[in-house]
Amino acid sequence: EQWIFLNDEFVTKENAKISVYDHGFLYGDGVFEGIRVYSGNVFRLKEHIDRLYNSAKSILLNIPYTKEEMTDLIVQAVRKNQFQDAYIRVVVSRGVGDLGLDPYKCPKPQVVIIVEPLAIFPKHLYETGIEVVTVATRRNRPDVLSPKVKSLNYLNNVLVRIEAHLANVSEALMLNDQGYVAEGSADNVFIVKNGVLYTPPGYVGALEGITRDAIIDIAKELGYVVKEEPFTRHDVYTADEVFLTGTAAEVIAVVKVDGRTIGDGVPGVHTKRLLEAFRQRVVSEGVKVYQ
Ligand SMILES: Cc1ncc(COP(=O)(O)O)c(CNc2cccc(C(=O)O)c2)c1O
């Protein structure tokens, strides 16, 4: 039996249904988080919850639980499903309203917690690295809909995924409206040049990735210089290494961008070293479900 938290209680998967009048469904009016459990450890749960509540606050959505209650509900959801390795999706929508847009007619935000067995990225992609393209779809401008808000408005990201599919690649990079590289459809981007790591700063327009932050911490501990500086496609093409970070992707090497081979065309030594260190770290930083 798979249990899902919905409407203040745990229900079975087949009973996990929401109203068609839910404004998350009707208008994408809500926020969400994607969190990973590694051997019973919910990796950086506090950081994910902080981001969830920041995203909600930014759209004036009041989550009807405290952070402590939310933490407990998430841990309960994992424990109830008895997963050791899992993927948690927390969704908070504006809730049920009428067909109109008005969020002030939605009396009760809807909190959903889904826990799924982990569907890991195909293993061979970590060995070969992936190919990506840059796409015409730009990241939404921070003054239009902040990319730092992990909202249910993922059409910008979906359109990028469509362009990737049409280009027969698995992921694509968005630029911001000034032409600087922002991020992938669901992951942050790093380049390595002469042993120095570069990743776009917040103001370029990307989600403040939890994995991105973890890799920055790990890289600095390993003695790398990490620069949060804007870079262009030219800098990507001429980088020694490129990799993406995300809850689903973890750390995945990019070996070709817009037809340009990156470095030797295989996952770089720094990328592999960071992934290795990340894999060791994910069972320590977080909340233990079963202890
Ligand atoms: C736009 C965007 N940018 C970066 C990331 C990486 O952030 P984290 O390191 O905190 O995960 C995301 C996160 N996106 C995300 C999270 C979880 C699952 C999936 C999926 O592709 O199923 C996508 C994202 O949606």
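The values are calculated or read from the model by the stated rules, or taken from the named source; none is laboratory data. Bear in mind that the values here come from a model prediction, so they are computed numbers and not experimental data. Neighbour counts run over all protein chains shown; Cβ positions are idealised from the backbone, glycine included. Keep in mind that these areas ignore ligands, DNA and RNA; they rest on the heavy atoms of the full protein, side chains included. Shrake-Rupley method; radii C 1.70, N 1.55, O 1.52, S 1.80 Å.
Details
- Matching residues, region 195-212, being within 13 Å of the ligand (Cβ to nearest atom) and assigned to a helix (DSSP H, G or I): Gly202, Val204, Gly205, Ile210, Thr211, Arg212
- Residues (touching a residue at least 40 places away in the same chain (Cβ under 8 Å) and either open to solvent by less than 30 Å² (accessible area, probe 1.4 Å) or part of a strand (DSSP E or B) (or both)) located in region 136-160: Arg139, Pro147, Val149, Lys150, Ser151
- First in region 1-29 and over 22 Å from Tyr154 (Cα atoms), second anywhere and of a type in the set (D, E, K, R) and modelled with pLDDT under 95, Cβ under 8 Å, 6 or more apart: Thr12/Glu1; Lys13/Glu1
Quick grid of which residues meet (1) in a strand (DSSP E or B); (2) within 16 Å of the ligand (Cβ to nearest atom); (3) touching a helix residue (DSSP H, G or I) at 6+ places or on another chain (Cβ under 7 Å):
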| residue | (1), (2), (3) |
| --- | --- |
| Met174 | yes, yes, yes |
| Ala214 | no, yes, yes |
| Tyr224 | no, no, no |
| Ala239 | no, no, no |
| Ala248 | no, yes, no |
| Lys256 | yes, no, no |
| Ala277 | no, yes, yes |
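- Residue among Val133, Val192 that is in a strand (DSSP E or B), touching a Ser or Thr at 6+ places or on another chain (Cβ under 8 Å) and more than 15 Å from the ligand (Cβ to nearest atom): Val192
- Condition broken by Val96, with the remaining ones in (1) farther than 18 Å from Ile210 by Cβ; (2) open to solvent by less than 40 Å² (accessible area, probe 1.4 Å) satisfied: (2)
- Meets criteria (open to solvent by 60 Å² or more (accessible area, probe 1.4 Å), farther than 28 Å from Leu155 by Cβ and under 18 Å from the mean Cα position of the chain (by Cα)) for Asp217: yes
- Hits in region 256-275 (condition: over 17 Å from Gly195 (Cβ atoms) and surrounded by fewer than 22 Cβ atoms within 10 Å (Cβ to Cβ)): Lys256, Asp258, Gly259, Arg260, Thr261, Gly265, Val266
- Filtered residue count, region 100-119, keeping only those that are without any contact (Cβ under 8 Å) to a residue 24 or more places away in the chain and surrounded by 13 or more Cβ atoms within 10 Å (Cβ to Cβ): 1
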